[in-house]
Amino acid sequence: MASQRYIRMMNALRKARSGASMVEFALALPLFVFLLLGVAEVGRAIHHYHIINKAMRDATRYLGRVPVTCPAVGTAAGSVDNVGNETTATNLAMTGSLNGGTNLINYWTDPTTITIEVDCLDNGAGANLCGLEACTGNPILPVVRIRADVVYQDLGFLSMFGLGPLTFNADHEEVSIPE
């Protein structure tokens with residue numbers, strides 16, 4: 001009698017499904033949270049890269065409209081005439097404002113991560129390398145290039161897996177046509 005009762009109880013237990021969904025949820029939840037955090041971290045990294053890339057474009061456009069000096073063709077020894085314009089371009093890149101202010105990305109605080117170069121290209125013999133009327137007749141064509149190397153500070157998710165720090169490299173260049 002006891003063995004039949006035991007067999008009936010085991011059959012009933014085998015057919016019971018009342019707690020199965022809770023166990024499945026408990027097993028799937030850590031995987032879901034892990035995936036959600038990974039997507040959030042990658043999304044944040046892409047957003048920060050986009051901000052840095054746009055900042056380089058804005059700062060380069062600004063410097064493309066200020067006076068620069070090109071001493072000779074084929075040199076990278078050109079320079080922005082006014083050092084204050086370089087500071088303003090750095091402010092524009094890091095804060096989005098000409099006068100400075102709150103940084104666009106809270107951990108991007110070091111202005112030495114931004115480098116500014118002026119290359120001097122040969123535009124002689126009637127060449128018009130930039131395709132604009134303002135470039136015609138100028139034997140030397142200054143090209144302003146700005147580059148930022150920013151170390152991304154993750155929320156801990158990437159470093160938890162030993163992926164190390166990411167460094168965002170963004171640059172932009174434009175022909176200088178001062179106003």
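Bear in mind that the values in this text are calculations on the coordinates, not laboratory data. Given the structure is predicted, the values throughout are model-derived calculations rather than measurements. Backbone-built Cβ (ideal geometry, glycine too); neighbour counts: all protein chains shown.
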Exercise. Is it possible to state the helix-based mean residue ellipticity at 222 nm for the chain, with each DSSP H run of 4+ residues giving -39500 (n - 2.57), the sum divided by total residues, to the nearest 500 deg cm²/dmol? What is it?
Worked result: -14500 deg cm²/dmol
Problem set entry | Charge dipole magnitude, Cβ of K and R +1, D and E -1 - the chain, Cα centre, debye nearest 20 | 1940 debye
Seminar exercise, completed: Projected convex hull area of segment 3-52, Cα atoms, direction-averaged, in nm², equals 4.1 nm²
Seminar exercise, completed: Projecting the Cα atoms of Asn91, Ile116, His50 onto the charge dipole of the chain, where Lys and Arg contribute +1 and Asp and Glu -1 at Cβ, the residue farthest towards the positive end is His50
Exercise. Taking segment 19-84, how much of its Cα-Cα pair set, in percent, is spaced more than 16 angstrom apart?
Worked result: 71 percent
Exercise. In a shell of Cβ-Cβ distance under 14 Å around Val73, excluding Val73 itself, what net charge do Lys and Arg (+1) and Asp and Glu (-1) give?
Worked result: -2
Exercise. At 10 °C and 1.306 mPa s, what whole-number value in µm²/s does Stokes-Einstein give for the translational diffusion of segment 46-175, with Rh from the Kirkwood sum over Cα pairs?
Worked result: 100 µm²/s
Problem set entry | Euclidean distance of C-alpha centroids, segment 26-61 and segment 64-116, integer Å | 27 Å
Seminar exercise, completed: Checking rank on 51-58, 35-42, with mean other Cβ inside 10 Å and highest first, the result is 51-58, 35-42
For this session: Could you work out the relative contact order of segment 46-175, using alpha carbon pairs under 8 angstrom and six or more residues apart, expressed as a whole percent?
Result: 27 percent
Exercise. Cα axis of helix 83-95 to longest principal axis of the chain: angle in degrees, 0 to 90, nearest 10?
Worked result: 20 degrees
Problem set entry | Packing-based order for 20-32, 158-170, 105-117, using average beta carbon neighbours within 10 Å, highest first | 105-117, 158-170, 20-32
